[in-house]
Amino acid sequence: MARRKKGSPVHGWVVIDKPRGVTSTQVVGIVRRVFDAQKAGHAGTLDPMATGVLAVALGEATKTVPYAMDATKIYRFTVTFGEGRDSDDAEGAITGTSDKRPSRDEIEAAIPKLTGPISQVPPVYSAIKVDGERAYDLARDGEDVVLEPRTVLIHSVRFLDMADPDHAEFEMVCGKGTYVRAWARDLALSLGTLGYVSQLRRLAIGNFNVERSIGLEPLKGFMHSPAAFEHLRPISTALDGIPALAVTGQDAARLKSGNPILVRPREFERITESAQTDDLQGLTVFLSTGDGEPVALASFAEGELRPFRVFNFATG
């Protein structure tokens, strides 16, 4: 007999406004306990010093984590000039100092050069794997870590304020894989000085935003309480921009068994409208029942929708 999974079959997303000083893993553990959920994960790590949106997936929502991680992100952050840190943030050791302080005009002039598709070397204190090991583990062990540059997309950066010559505040809209810490380091270097991120707050990731989040402490007050479920959002919240289609009970059963379904002309029209393209080959489509219950994520190929990720809401 199969062993019963520990916890309850809870499915959906919880958007936490993460406080400073706790890890993303700790937040996931707390959310899981509040809901007594069998399974949990998160979309996009926030460092302990960072605050803001941490989207926690419960149950079958974990199957949509990659889509949330691919989504556009918005950050507000402060760069401190005059010091370099080995982690490129306030928690790192000082690696150098500079007397140079950039002016507002110099900062404004430098921003366009660090906007758009740019090449970025991630911080050595990052979760990127090097020969199977996390870069931050190697760095903590005193090893020299060399990370390859990667192309990331910076949609926009706004220079918000400069409280004093040492500090400048920015807001960034960026794509997957961007390290704000690396951007701050590179900005300072381009200005002939050193710098690091001293404050970092994530305002949004895809459809998840800070306005519709809940603080960790208030959520803990709902431990094992039905009131917690008021903060549980649908699985589909992470699938912003992915065409959706309702399927019949018969088609849903086929999909859940891993079998493809034929796309009828009317359905083809709906998908084409939603995707805003006539070339549907390889397109991912989110399929649900007429009642809104998620069925599968499927790929369009040769007139069929072929499921590659099926949602299973069986209890136990």
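Structural remarks
- Positions within the stretch 236-285 being assigned to a strand (DSSP E or B), of a type in the set (A, V, I, L, M) and under 26 Å from residue 65 (Cα atoms), in sequence order: 244, 245, 246, 247, 261, 285
- The residues of the stretch 199-225 that are surrounded by 20 or more Cβ atoms within 10 Å (Cβ to Cβ) and farther than 25 Å from residue 70 by Cβ amount to a single one, 219.
- Selection within the stretch 93-118 - of a type in the set (Gly, Ala, Ser) and either more than 28 Å from residue 23 (Cα to Cα) or at pLDDT below 90 (or both): 98, 103, 109, 110, 116
- Some residue of the stretch 155-163 being more than 18 Å from residue 107 (Cβ to Cβ), in contact with a strand residue (DSSP E or B) (Cβ under 8 Å, 6 or more places away or on another chain) and modelled with pLDDT under 90: no
- Residue 220 being on the phi < 0 side of the Ramachandran plot and assigned by TED's automatic domain parsing to the domain that holds residue 17: yes
Here is a yes/no grid of residues against (1) touching a His at 6+ places or on another chain (Cβ under 7 Å); (2) under 21 Å from residue 180 (Cα atoms); (3) assigned to a helix (DSSP H, G or I):
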residue: 10; (1), (2), (3): no, no, no
residue: 22; (1), (2), (3): no, yes, no
residue: 28; (1), (2), (3): yes, no, yes
residue: 46; (1), (2), (3): no, yes, no
residue: 60; (1), (2), (3): yes, no, yes
residue: 66; (1), (2), (3): no, yes, yes
residue: 87; (1), (2), (3): no, yes, no
residue: 106; (1), (2), (3): no, yes, yes
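- Which listed residue is assigned by TED's automatic domain parsing to the domain that holds residue 67, surrounded by 19 or more Cβ atoms within 10 Å (Cβ to Cβ) and not acidic (Asp, Glu), from 182, 188, 228: 228
The values are calculated or read from the model by the stated rules, or taken from the named source; none is laboratory data. Every value quoted in this text rests on a predicted model; they were computed, and no experiment measured them. Backbone-built Cβ (ideal geometry, glycine too); neighbour counts: all protein chains shown.
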